[in-house]
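A short write-up of the structure that comes next.
The values are calculated or read from the model by the stated rules, or taken from the named source; none is laboratory data. Predicted model only: the values in this text are computed from it and were never measured. Every residue, glycine among them, receives a Cβ derived from its backbone with ideal geometry; neighbour counts consider all protein chains shown.
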Amino acid sequence: MIDLIILNRNLRLRDNPALYNGSSRSNYLVIYLYDDAYWHANGKSTRQLKFSNDCLAELDQGLKKFDSQVNIFEGSFDDLKVWINNNFDDFVIHINHCTDIGYFRDGFLKFKDSFPGKINIYDDFGLQLNNFDRDSWSRNWNKIMNARMFGNPKKSQYKDDVKLSNFSNFISKFNDSFAHLGSIQKGGTSQAQMLLESFLSERCKDYRVKMSSPAQSEKSCSRLSPHFTFGSISIREVYQALNQFISKSDNKSDLYSFKKRLYWHCHFIQKLHTEPELEFFSMHRMCDQLRSDHDDELIDKWINGVTGFPFLDACMKYLQKYGWINFRMRAMMMSFASYNLWQPWQKTSPLLAQLFTDYEPGIHISQVQMQSGVTGINLPRIYSVTKQSEDQDPDAIWIKNILPQLRDVDPKLIHASELNDLYTPQIVDLKSSARDAREKVWSIRKSIEFKKEAAVVYNKHGSRRKRSFRR
Ligand SMILES: Cc1cc2nc3c(=O)[nH]c(=O)nc-3n(C[C@H](O)[C@H](O)[C@H](O)COP(=O)(O)OP(=O)(O)OC[C@H]3O[C@@H](n4cnc5c(N)ncnc54)[C@H](O)[C@@H]3O)c2cc1C
């Protein structure tokens, strides 16, 4: 009997249940499913693929120590099913669960159902896949985080020649498409370990304050998000390292803030797992009536950073280059699109997701909906671009660095976006658009019908921990 270990987004050696359990008989084959259509589906992009390939490269090297390697299967889950049935009689499949976009989920569920009794699916992060109960979710999450980690895989003795590409042949074909992505984060477990160590030992100092500034957060946030997305380190490993470190740290309150966010990671992904329709519909369905039309030209200006608001445009250009920006700026960018421009989140969300190297559908879609006022269980908050510009970059140094054409302009004029011929005209009036948006959102929230539906949403998705999700 052979064990077939299928990899998707859990690209690490340690604390990888599919790899650990699948290797226990020492007769295993590791297969990475590369599906080109997946990388073009809702919110996916080349920068994410590059990061994922970095992680795979390190995993491939790591597996060599265990007489194994990453074999690449190119095609869909359907194609993989046919290939497995044609090539093996006696096998067990091992795969980690992954909460992802509809394209992945549909393929994965069909694949799973094709192998009754021959497939083992392992839990992912702190998600609770079966018999999930919101009231005990938080307690169970703690248990999962404190459980013993899975060790390295066993050596493989599998010798048969399978006709799949090896990793070095596979990776070479991406050289050209990755050439312009030199500024995005590099993937791989060693990078994740370095980030974790430097964050715990020094970078976390004043994390709680610095996380809101686009300039300071670059260093003072952990920057682990793409590593969680592609699983180059497990949340449990980070959680346990943090717990060991926290008692001797001088930055306890910063580290407690960080710990909370590890919980949020799973809390948000659980929502998409529970209700996959959230990829396309608002959590509170009545909110889908709010924004029925869209304007491609406005959306285009927003995503390309030519809105006439220097701080907002600088954030977008920074994100385009580096593939990451801090929480507060993500929230402001989304709030601008949904409230000031009044565009449906279903149109804007995938465009923003494509720019994030760390695109994690469960977190992204929940946050997009929160920042668009469509969950029904969070109070709508409209970020003022002017206020964020003044608060987060008072001297406009960060803005000028990204938009050098404003080098000699008074910061006050930059914050107020009063720049006449010096800069792109404003595409919307900030104050009146925010006022209109507030009126429209609150007009539907008042009805009894809305409140009834909101209570149902809370039962399904609301956190039972008392805390705010704002920063
Ligand atoms: C509109 C919008 C879209 C977002 N899309 C994504 C996304 O696609 N992928 C993603 O990982 N995060 C997303 N976030 C949440 C947050 O902005 C990022 O997790 C964070 O900026 C990542 O940087 P970091 O790893 O340095 O964070 P840190 O501050 O160091 O936090 C550590 C980890 O905690 C988790 N975390 C932090 N903040 C949140 C949060 N508010 N909700 C859930 N988990 C959180 C992340 O896993 C993060 O890596 C989004 C936020 C908004 C407002």
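Here segment 431-454 is the region considered, the condition is being assigned to a helix (DSSP H, G or I) and among the basic types (K, R), and the residue that is farthest from M286 (Cα to Cα) is K431. Taking the criterion of being farther than 22 Å from L242 by Cα and assigned to a helix (DSSP H, G or I), the residues of segment 161-215 that qualify are F167, S168, N169, F170, I171, S172, N175, D176, S177, F178, P214, A215. Applying a threshold of 6 Å to beta carbon distances and a minimum spacing of six or more residues, or different chains, the list of pairs starting in segment 236-265 at a residue that is touching a residue at least 60 places away in the same chain (Cβ under 8 Å) and ending at one that is part of a helix (DSSP H, G or I) and near the ligand (Cβ under 8 Å from one of its atoms) reads Y239/L262; L262/I235. Taken over segment 191-204, the residue count meeting the criterion of being surrounded by 14 or more Cβ atoms within 10 Å (Cβ to Cβ) and away from the ligand (no atom under 13 Å from the Cβ) is 1. Summed over segment 107-135, residues that are on the phi > 0 side of the Ramachandran plot and touching a Cys at 6+ places or on another chain (Cβ under 6 Å) total 1. Within segment 388-403, the set of residues being in contact with a helix residue (DSSP H, G or I) (Cβ under 6 Å, 6 or more places away or on another chain), assigned to a loop (DSSP other than H, G, I, E, B) and free of Cβ contacts under 8 Å to residues at least 24 places away in the same chain comprises D395 only. Considering segment 60-87, and only residues there that are buried (at least 17 other Cβ atoms within 10 Å of the Cβ) and among the aromatic types (F, W, Y), the residue that is nearest to H40 (Cα to Cα) turns out to be F77.
If I go through segment 18-48 residue by residue, how many of them are acidic (D, E) and either within 19 Å of H97 (Cα to Cα) or in a strand (DSSP E or B) (or both)? Going through segment 18-48 one residue at a time, the tally reaches 1. Remark: pairs (first residue in segment 79-105, in contact (Cβ under 8 Å) with a residue 40 or more places away in the chain and in a strand (DSSP E or B); second residue of a type in the set (V, I, T) and buried (at least 21 other Cβ atoms within 10 Å of the Cβ); Cβ separation under 9 Å; 6+ apart in sequence or on different chains) = I93/I5; I93/I6; H94/I5; H94/I6; I95/I5; I95/I6; N96/I6.
Of all residues in segment 219-234, those that are modelled with pLDDT of 95 or more have Cβ atoms under 7 Å from Cβ atoms of residues that are part of a helix (DSSP H, G or I) and among the basic types (K, R), 6 or more apart or on another chain, in K219/R203; S220/R203; S220/K210. Here M149 passes the criteria (1) outside any loop (DSSP other than H, G, I, E, B); (2) touching a helix residue (DSSP H, G or I) at 6+ places or on another chain (Cβ under 9 Å) except the one numbered (1).
Inspection of segment 123-138 finds a residue satisfying the criterion of being in contact with a strand residue (DSSP E or B) (Cβ under 8 Å, 6 or more places away or on another chain) and either of a type in the set (V, I, T) or crowded, with 16+ Cβ neighbours inside 10 Å (or both).
Scanning segment 351-387 for residues that are away from the ligand (no atom under 13 Å from the Cβ) and either outside any helix (DSSP H, G or I) or without any contact (Cβ under 8 Å) to a residue 40 or more places away in the chain (or both) yields G376, I377, L379, P380, I382, S384, K387.
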